[in-house]
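Okay, so here's the structure we're looking at.
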Amino acid sequence: MRTAIIGGGIAGMAAAYEFEKARAADASIEYTLFEAREQLGGSLASETVNGSVLERGPDSFLSEKPAGAELCRELGLGADMLPSNDAARKTYIVVKNRLVALPDGLMFLIPTKLIPTALTRLFSLPTKIRMGLELLHPPRPSEQDESVAALVERHFGSEAVDRLADPLLSGIYGGDASQLSARTVLPRLVEMETHYGSLTRGMLAAHRQMRARAAAQKSAAGAEPGKAQDNGRPMPRTIFTTLRGGLQQLVDALEARLKPEWVRTSTPVSALEQVEGGWEVTANGVAELYDAVILASPSWASGVLLGPMDPLLGEELGGIPYSSSITVNLVYDESKLGQLPDGFGFLVPASEGRTMLACTFCHRKFLGRTAPGKAVFRAFLGGAKNEALLGETDAALVAVVRRELSEIVGAKTIGLNVEPEHTQVSRWRRAMAQYAVGHQDRIRRITERVAALPGLRLAGNAYDGIGIPDCIRLGRKAARELIAGSMPASQEVGQSANK
């Protein structure tokens, strides 16, 4: 079986790795990985500058989703997995140019502790009263999809959307809470509303169940030496996990496992056609025949390739919105800075009128990845509302980040007169899929069209999860289905038992 994998980001690389593993048992399995850019990895790219790791794209993956850690261990990177420094985890929201810490007991968007919520400066008194009364909400069956903003506002008011939901989701999706699908982005909250009415009561119940499971797992791990360990060392349960040398380590380790002559970088695919006997893939003016195809490119690019043979499918894929983002890394001599706030960094609500969406204090979030005596700030810009920033020069973007850092953190801490030792700007055009209201219905329609095209699979962040573990899971799943020859028409794009 010959398979073309179009797109060399983490989803496409994970699919190629799965085929490479299968070749050990079946030498007839072949694949070609096509990537338009000069290098593999997509937005996973990092470099080490004077002893400090700088991430151009994502800096970590969620620990609770197993696909990322599982792949790292398979590739021999278990000893290099680094947990986030959750003991020092504190996140701030910018409110009228002041940093206000998220209150204790806040579980994602839901306040679960009365006193910290009552005392926080993040919300006004009317919003706090509304949060208390939210416990009285009756169960509400979910009849149709709605935006995250609509769900949160119904329970906690518009101020909670502005100062909590929008900045948090902007930091994750680079999107707008008024556009993102509640059913897709926050399915647990939709389910809680259906069963409990009050999201607070639902979250407290979920927390109790989680603690019970954690206790059971801890007991099981104690009974089975080494179960929750890497190289004999216990792995702490933290929110985020990264690699000691940067996520480029994962890209490099995957690329090293692939057959070099079957990997074609700087080779954009210009046409795709279903023909008798399989699929014809045209790249650099050369057409080749394959038995199957995995499209691991952005959905808008996949839509361009599939549109000529199925206009409706092309239209649906092209209709999934994307946002662009910019990361700006600044490296400072820490001795030249004043006292920084505790914690991991801050988020900026759109109502603040700032260019920055968020800023991470990287030297605090992951210990051991920054050179001694240095501080690394990683700012995020762009998002769904600020595409025009992509056209600004590096110097202009660095200047605006430095100015806003000075104004938000404080001129005495990091004033404009303190020059960074190193700056790095990275642009990611149309890289982050946005799960808009109605996303699940769109995915069902896409699934029906794909089922009529045997040998075709889709993978990537546009379908069933935007994170690194999601993309790995979907890429490997697509490859496994093709290897097994199992392509049930009723199976939806991206669904998996280990989600």
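As an exercise, identify the GluC sites (Glu not before Pro) in the stretch 85-156 lying in DSSP coil whose Cβ has no more than 14 other Cβ atoms within 10 Å. Walk me through the numbers on the way to the answer.
Numbers: sites: 134, 143, 146, 153; in loops: 143, 146.
Filter output for the stretch 85-156: 143.
When a 1.4 Å probe is rolled over the protein heavy atoms, the share of accessible surface on the stretch 240-339 that falls to carbon and sulfur comes to 51 percent.
For the chain, the pair-distance distribution built from all alpha carbon pairs, in bins 20 Å wide starting at 0, is 22, 55, 23, 1 percent. Of the three principal axes defined by the Cα atoms of the stretch 4-50, the extents in descending order read 44, 23, 14 Å.
All Cα-Cα distances of the stretch 1-134, cut into 5 Å bins from zero to the largest, leave 2, 7, 11, 13, 13, 11, 10, 9, 8, 7, 5, 3, 1, 0 percent in each bin in turn. Under conditions of 25 °C and 0.890 mPa s, the stretch 369-455 yields 145 µm² s⁻¹ as its translational diffusion coefficient, taking Rh as the Kirkwood radius over Cα pairs in the Stokes-Einstein equation.
Once the Cα-Cα distance is subtracted from the 0.36 nm per residue extended length, the residue 336 to residue 115 segment shows a gain of 75.8 nm.
Take the Cα of residue 209, step 7 Å toward its Cβ, do the same at residue 354, and the gap between the two points is 3.6 nm.
The antiparallel fraction among DSSP beta bridges confined to the chain stands at about 75%.
Let me know the charge dipole size of the stretch 291-349 about its Cα centre in debye, to the nearest 20, where only the beta-carbon of Lys, Arg (+1) and Asp, Glu (-1) is charged. Can you show the working numbers first?
On the way: 1 positive and 7 negative charges, 42 e Å.
Taking the Cα centre of the stretch 291-349 as origin, the dipole is about 200 debye.
Projected over every direction and averaged, the convex hull enclosing the alpha-carbon atoms of the stretch 253-358 yields 12.7 nm².
Within the straight-line cut-off of under 13 Å between alpha carbons, the aspartates and glutamates reachable from residue 385 are 166, 176, sequence neighbours fewer than 8 places apart in one chain being disregarded. Okay, which of the stretch 351-383 sit inside 16 Å, backbone N to the point 7 Å along the Cα-Cβ direction of residue 421? Counting backbone N atoms under 16 Å from the label point, the list is 362-364, 368-378.
Just from its helices, what would the mean residue ellipticity at 222 nm be for the chain, if runs of 4 or more DSSP H residues each count -39500 (n - 2.57) and the sum is divided by every residue, rounded to the nearest 500 deg cm²/dmol? Intermediate results must be reported in sequence, preceding the final value.
Numbers: 17 runs with 174 residues, N = 499.
Rounded to the nearest 500, it is -10500 deg cm²/dmol.
Calculated over the stretch 125-210, the projected area of the Cα convex hull averaged across directions stands at 5.6 nm².
Pull out the extension gain between residue 154 and residue 480, defined as 0.36 nm times the separation in residues minus the alpha carbon to alpha carbon distance; nm, one decimal.
On the way: separation 326, 0.36 × 326 = 117.36 nm, distance 4.25 nm.
Once the chain is fully extended between residue 154 and residue 480, it gains 113.1 nm.
What is the Rg over Rh value, at two decimals, for the stretch 314-407, using alpha-carbon atoms and the Kirkwood definition of Rh? Using only Cα positions, Rg/Rh for the stretch 314-407 is 1.05. Evaluated at q = 0.19, 0.24 Å⁻¹, the base-10 log of the normalised Debye intensity for the stretch 356-395, with identical point scatterers placed on the Cα atoms, takes the values -0.66, -0.80. Rounded to the nearest Hz, the phi-derived 3J(HN,Hα) couplings of the stretch 460-477 under the Karplus curve 6.51 cos²θ - 1.76 cosθ + 1.60 (θ = phi - 60°) are x, 8, 8, 10, 9, x, 9, x, 4, x, 4, 5, 4, 4, 5, x, 5, 4, where x marks glycine and proline. Past 21 Å, Cα to Cα: identify those pairs from 365/412; 336/374; 65/113, in the order given. In this structure, 365/412; 65/113 exceed 21 Å between Cα atoms.
How big is the Rg/Rh ratio for the stretch 45-90, C-alpha atoms only, Rh by Kirkwood, two decimals?
Working: Rg = 12.3 Å, Rh = 12.4 Å.
Reported Rg/Rh (Cα atoms, Kirkwood Rh): 0.99.
Of the peptides 395-405, 290-300, the ranking by mean beta-carbon count within 10 Å, highest at the top, reads 290-300, 395-405. Between the beta carbons of residue 315 and residue 39, assuming R0 = 45 Å, the FRET efficiency works out to 0.90 to the nearest 0.05. The stretch between residue 108 and residue 388, if pulled fully straight at 0.36 nm per residue, gains 97.8 nm over its current Cα-Cα span. Of 366, 380, the order by accessible heavy-atom surface (1.4 Å probe, DNA, RNA and ligands excluded), from most exposed downward, is 380, 366.
Over the stretch 374-441, Cα pairs under 8 Å with separation of 6+ residues give a relative contact order of 24 percent. What is the distance in Å between the Cα centroid of the stretch 173-189 and that of the stretch 14-68? Between the Cα centre of the stretch 173-189 and that of the stretch 14-68, the gap is 27 Å.
The values are calculated or read from the model by the stated rules, or taken from the named source; none is laboratory data. In this text, all values refer to a predicted model and were calculated from it rather than measured experimentally. Positions of Cβ are backbone-derived with ideal geometry, glycine not excepted, and every protein chain shown enters the neighbour counts. Heavy atoms of the whole protein, side chains included, go into the accessibility calculation; ligands, DNA and RNA do not. Shrake-Rupley method; radii C 1.70, N 1.55, O 1.52, S 1.80 Å.
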